[in-house]
Amino acid sequence: MGELKVHRVRFFDYMPTAIRAMAFNAHTERLALARMDGSVEIFNFTDHYFQEKVIPGKDSRSIESLCWVGGRLFSAGLNGEIAEYDLENLRPKYSLEAYGGPIWTVISNTQGTQLAIGCEDGTVKLFEVLEEHIQFERNLDRQKGKRNSPSDCSLTYRLLVDRGIGGSKSRETVVWSVAFLSDHTVVSGDSAGKVQVWDGHTGTLVKTHLVTKWDVFLPDLAFQFIAPTLHQQDKEWVRTRTFKNHTHDVRALAEIETAIVSGGMDTHLVVRPLLEKFDEKSHASGLRKIHFPHRNLVSCAKKAGLLLFQFPGQLELWRLGDSDGHGKPGDRLPLKWKPEKLLLLKRKGEDHICCSALSSCGGWLAYSTVSSVRIYRLQTDNNISITKVSKLPKVLRSAHQLCFSSDSSKMFAASSQSSVLVIALTQSESWSHSVTFPSPGSRQPIHLMTTSVDGKWLAAANSDCEIHVYNLQKLKLHCIVPVYGSCPSAMGIHPTTNNLTMVHADQQLFEYSIVEKQYTDWSRKLQKQGLHNVWLDRDTPVTHVTFNPKNPNQVVLHDMHMFCIIDQSLPLPDQKTQFYNQMTLRSLSEQERPSHLHAFKICKTFQDLLCVSLLDDQSLVVVERPLLAITSQLPAPVRQKKFAT
Amino acid sequence: MAALYEGFTLCGLVPTQNASDSPIQGIELDGDSDHAVVTDSTRSVTLYKVSDQKPLGSWTVKQGQLLTCPAVCNFQTKEYVVVSDNKVIRVWKDEDLNIDKAFKATVSADVWRVHSAPGGEPVVLFQRGAVRLLDSLLSAPQQPIEDVLSEEEVIRWSTNIVAEKQHFVLFTTEQKGEHFLYVQRLNPNTLQKYRLEREDSGAPPLSFSASLRDKHINLLYLYPNGCVYQSVVAVRGPVELEGVQTLPRSLRLRLPVGEGKLGAASAVALDEAHVAVVGMPHPSARTGKDFLCIWNTNFQTLQAGKEMVGRIHGPVWCYLGKLFVPHGKALSVIPYECQKSSLASALGKLRHAGIAVSKSSVAVPSWNSLLHGDQPQGPAKIVDTRKSNGFIGDAQDLQLSVGQLACHLVARSQAETAFYTPGALAQLVQTQCLCHSVCPDLLLLALEHKDYFLCQLCLQLFPDIPEVVTCACLKTFIRSHQSIEMRLFNLCGGVLQTAYSDNFLLPHLKDLNAQQVILFLQYLQFVYLKFSQDVYTQTPGLRSPTMTQIIDWLCLLLDAHFTVLVMAPDAKGLLSNLESFVKSQVKLFSELGKIEGSLQELHKMKLSKDISQYSIEVIELF
């Protein structure tokens, strides 16, 4: 295979925001997750925890609590509003002022007919859930002081939570969370680190668990209801296990049937399976940590050697550096010029950026929020200049995905109801709407789009797992790729063969010939033989597929922990083959090597990858964001000792 | 090591008419570990709260009636049980004021004892050897009671033991000068009879004590000639043995009884290695005094002794770390402590970790070889590795003869005031074949003669100097040198390096007066500062105390005298110096701790060689 020049980029200061709330829909097995910046993410727990939807945040929105009612998602927050989300168009559907001050929590009844919210002014308000709307129903009696949790509304006893052992006497204990169970057991979690179980009938304290020295935000989940063998009649709450998956405060927890899901200030989502629920070691029984979004935040202009970084509030455009030397493997080359930040583009308005695109020539830049799409003309040669395209077609209001054709003459925008708008550059600097491809089936949002180098094909994938291929010359739908059961996480069209390579959330890999409308022989061979178990056992999805224009056999793809060059001319590895074989190959002589080669060449030198792309000059761009760097930028955890002293 | 602590009087005793009888029949526990039920030899039962030395209740039978067995507590019902006039069993509760109004039942045969133990039902042992559970007896009090013993056989002692849900009643009998042990097992009932080996003198045992250890019942018995024997009966042993077995015994201890024989003496096992003996003279005290002593049976050493004022009445009881000794006109309660004995702990803390191996090896004599001429085994055989191999066989002989020589020299010096041979004694000490236990008077003699050179030699070379002697040396040194000078510096250095155990040193340290404490503290501070300045420049050959030893002594001294020091005006400066010093140390260590965390992090990132924000690298894929 040979030597590669790698641009190792660590200047993308991507910083995820803290997780604030979670709600799990047991029926659809979707987890909704809200972050501090007001964004909401939907994870599909039946499909390898794939992040299938992201609703971008907004400056004024703050979510304190999420709630599913059937397939509908509601949120409530400190702005005092209840909002329902349009999960097809990835935006709030409507929001409603509750007139109770900041809302701390929202919950529905089991029938899904009512929503209850707990407000800052101490009221609990009930709303009726109607087909397209919700309607205020009534207030429950007022309690003095702030209500952190509404589920204690029928409490008639005053339970006095005392201060922690050895805690400061002067420190007030705050009850952060209360759960009222069906058998009249009341569970409270407080700032002294105690979880207390009370008898709701008599108002007496049944048991105190000193869980931690610090605050307990949510009590319920580290506990299990088990019956001690001695007293078959009396069940009690027994502390079973303590999980420590987070370095910072845990702000949100959800219990699903087989696992505990948690998230907090340290921004990553942890799925901790309860091992007693699994009979054997399987894919689902491993601990899962989700650090990075399952979509691209980096666009790469392959011809121009530019990188575009997407933040919620701004875009950064960088020019890569260069070196003129040559070196042997392992060397770091002297820089001829350093990378340069060309541009910092701040968004307008309150809505956060949801997608962005850079044309491969580096001349055009576009981004979208839920309220507007903006296109800019870029000059990056000598004098850097940026000009906003003032006139855009009215139909282009917002987009879930944006991409430019390889010759920069067209821009594609994934629009509402799974449709694709084609915007064409008519004269210099002027864009007009040429055609809209309506979705033939699903109305779910498009999360992936790619075009062919020859400008003939456009492929779009939506979260219903459908992939549509449009013919851009005939301006019509060309075919629908046979629907596979797992969501595609990355795809790309081969520059010479126009074969569509797709990787799915379950790590399956397909190659589909657009021209022949069928899977390629290589893909069939791969499916027949099966992917190597080591490949299938990886726990982060492939988020980018690119190709080597000089060698049509090579496909480059990456996940968070590795990048892989698939050489389709080499034999596929079977289960007995050593999958990660680079070290072995290095130790063999050149004569021995060919007999040990297989198609998957995996490099794990670079870690915590956000983007791997191949530039036109054959050099590789690797954008790393070390988790340690993220952790070091988090606010210090509250009252945690800094060192193990 | 073991120790006897300051005791206290639980109650006064009324002397009995017959001087040889004990005024106390028995002391038993009830459900509360701090309670003791004391039955006197006539009519009363008194319940005491031991820690308060206060009676909680007292019950007396009518004039003319007599309690014939100690009251016991039925742990299951929280009732007390006693027998009066051999046949009347009385049961009452804590709240009953009058024992006569409580329950009583008359049985058909004379009762010897009622026994009760936690976890078991009370059992009644009749004088003729029959055994009944109390409940079943009280349900039919007049049931016939069979005779187990032959006609001239009488019970001398009995006890009961509950082991692994098995209940045992043990009793010894005497018949025509022969002694037997009966082991009665309850549920299922089996009885096994053993014959005790006859002691040469033919004298009967003075006391018995039974304890349960490792699923075996250990019976310990003391003869008037000072021999303490131990016999072992298996709890789960073969039950159906025919006839009378002879009970094998082993000599645990031969007490030095001097000329006469022991009168009213008693031995009780405290743990596997320690035995408390009351009613014997202290080996190093004048005769005619009665002592309570703790002996280590493994090393045959006397570990603690306490003089008991007045005549010893005989029995002694031991419950939960306290010994109950009736003597003179009082019943004394004496707390004790037995630490697990090993050769290392018998020698105190290892003095100098670095040189412990070569140091302690020679100086440890074999107790077995010294006392019994047994073949030395195990640790006693360690010989300094520096010495030639041919020396090994002679090492024991050399130790013995050096010891004897030193003892003779010391004895003569003590007898004739003019005779003192510092050179010879120093030479003997320098052979490193001596230790304090072999010749306990040597160091004191040197101290008496103000032979500080010898004192220092002993302090440096003896591994087993008792804390009291260490403190005596310290006191003498401080007294004779009122200012800090080099000589005191060297002498105290020796003291700091002796082996000691905190518990035993502390009470002796408390004997120092405030002036001495301040002086010694000043010295310690001076030494500390000196060593913290030049830790690594210690003179080779001349051993100096380690930092840890200095700090340990500082802490001990402050512990022992803190209240005094706080009140003493001339200690104020010193204490505030020490305080600021401790503060700075704490700060230093916390800073070090922080650095440690950072360094560990660095260590974890061992390979993350300076990766900058951007680099162009060359990799190779195959």
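The values are calculated or read from the model by the stated rules, or taken from the named source; none is laboratory data. Keep in mind the model is a prediction, meaning the values are calculated, not measured. So basically every Cβ, Gly included, is an ideal-geometry build from the backbone, and we count neighbours across all protein chains shown. Side chains are part of the model used for accessible areas, which takes the heavy atoms of the whole protein and leaves out ligands, DNA and RNA. Shrake-Rupley method; radii C 1.70, N 1.55, O 1.52, S 1.80 Å.
Details
- Some residue of the stretch A:490-498 being part of a strand (DSSP E or B), under 27 Å from residue A:565 (Cβ atoms) and touching a Cys at 6+ places or on another chain (Cβ under 9 Å): no
- The lone criterion from (1) open to solvent by less than 80 Å² (accessible area, probe 1.4 Å); (2) in a loop (DSSP other than H, G, I, E, B); (3) under 30 Å from residue A:625 (Cα atoms) left unmet by residue A:572 is number (3).
- Selection status of residue B:460, closer than 25 Å to residue B:544 by Cα and of a type in the set (S, T, N, Q): yes
- The criterion of at least 3 residues that are hydrophobic (A, V, I, L, M, F, W, C) is met, among strands (runs of 3 or more DSSP E) falling completely within the stretch B:86-182, by B:88-93, B:111-115, B:123-126, B:154-163, B:166-175.
- Within the stretch B:294-344, the set of residues being closer than 20 Å to residue B:501 by Cα, hydrophobic (A, V, I, L, M, F, W, C) and modelled with pLDDT under 85 comprises B:299, B:302, B:304, B:338, B:343, B:344.
- Among the residues making up the stretch B:294-325, those that are outside any loop (DSSP other than H, G, I, E, B) and without any contact (Cβ under 8 Å) to a residue 40 or more places away in the chain are B:302, B:307.
- Consider the stretch B:113-153 and keep the residues that are on the phi < 0 side of the Ramachandran plot, in contact (Cβ under 8 Å) with a residue 24 or more places away in the chain and surrounded by fewer than 16 Cβ atoms within 10 Å (Cβ to Cβ). The one that is nearest to the chain's Cα centre (by Cα) is B:118.
- Qualifying residue in the stretch B:585-601 (condition: more than 12 Å from chain A (Cβ to nearest Cβ), more than 30 Å from residue A:620 (Cα to Cα) and open to solvent by less than 60 Å² (accessible area, probe 1.4 Å)): yes
- Matching residues in the stretch B:174-208 - criterion: being under 21 Å from residue B:132 (Cα atoms) and without any contact (Cβ under 8 Å) to a residue 40 or more places away in the chain: B:187, B:188
- So residue B:576, is it open to solvent by less than 90 Å² (accessible area, probe 1.4 Å), free of Cβ contacts under 8 Å to residues at least 60 places away in the same chain and within 14 Å of chain A (Cβ to nearest Cβ): no
- Residue count for the stretch A:74-120 under the criterion of being among the acidic types (Asp, Glu), surrounded by fewer than 18 Cβ atoms within 10 Å (Cβ to Cβ) and free of Cβ contacts under 8 Å to residues at least 24 places away in the same chain: the result is 2.
- The condition of being open to solvent by less than 60 Å² (accessible area, probe 1.4 Å), away from chain B (no Cβ under 14 Å) and in a strand (DSSP E or B) holds for only one of A:622, A:545, A:556, that being A:545.
- Of everything listed in (1) in a strand (DSSP E or B); (2) at pLDDT below 95, the single unmet condition for residue A:99 is (1).
- All of (1) over 22 Å from residue A:11 (Cα atoms); (2) touching a residue at least 12 places away in the same chain (Cβ under 8 Å); (3) open to solvent by 10 Å² or more (accessible area, probe 1.4 Å); (4) more than 11 Å from chain B (Cβ to nearest Cβ) hold for residue A:608 with one exception: (1).
- Residue count, the stretch A:1-36 (criterion: closer than 30 Å to residue A:320 by Cα, away from chain B (no Cβ under 14 Å) and open to solvent by 20 Å² or more (accessible area, probe 1.4 Å)): 2
- Applying the condition of being open to solvent by 50 Å² or more (accessible area, probe 1.4 Å) and among the basic types (Lys, Arg) to the stretch A:249-297 and asking which residue is farthest from residue A:30 (Cα to Cα) yields A:281.
- Condition broken by residue A:591, with the remaining ones in (1) in a loop (DSSP other than H, G, I, E, B); (2) of a type outside the set (A, V, I, L, M, F, W, C); (3) within 22 Å of the chain's Cα centre (by Cα); (4) away from chain B (no Cβ under 12 Å) satisfied: (3)
- Per the listing B:130, B:109, B:105, the residue uniquely under 29 Å from residue B:43 (Cα atoms), in contact with a helix residue (DSSP H, G or I) (Cβ under 8 Å, 6 or more places away or on another chain) and small (Gly, Ala, Ser) is B:105.
- Enumerated strands (runs of 3 or more DSSP E) restricted to the stretch B:203-284, each holding at least 2 residues that are hydroxyl-bearing (Ser, Thr, Tyr): B:207-213, B:227-234
- With respect to the conditions (1) modelled with pLDDT of 90 or more; (2) open to solvent by 10 Å² or more (accessible area, probe 1.4 Å); (3) in contact with a Leu (Cβ under 6 Å, 6 or more places away or on another chain), residue B:167 falls short on a single one, namely (1).
Residues are listed down the side, and each one gets a yes or a no for (1) within 30 Å of residue A:50 (Cα to Cα); (2) touching a residue at least 24 places away in the same chain (Cβ under 8 Å); (3) surrounded by 15 or more Cβ atoms within 10 Å (Cβ to Cβ):
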site: A:385; (1), (2), (3): no, no, no
site: A:392; (1), (2), (3): no, yes, yes
site: A:407; (1), (2), (3): no, yes, no
site: A:431; (1), (2), (3): no, yes, yes
site: A:439; (1), (2), (3): yes, yes, yes
site: A:446; (1), (2), (3): yes, yes, yes
site: A:454; (1), (2), (3): no, yes, yes
site: A:474; (1), (2), (3): no, no, no
site: A:487; (1), (2), (3): yes, yes, yes
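- Cross-chain or 6+ apart pairs with Cβ under 6 Å, the stretch B:472-490 first and modelled with pLDDT under 70, then assigned to a helix (DSSP H, G or I): B:481/B:488; B:484/B:523
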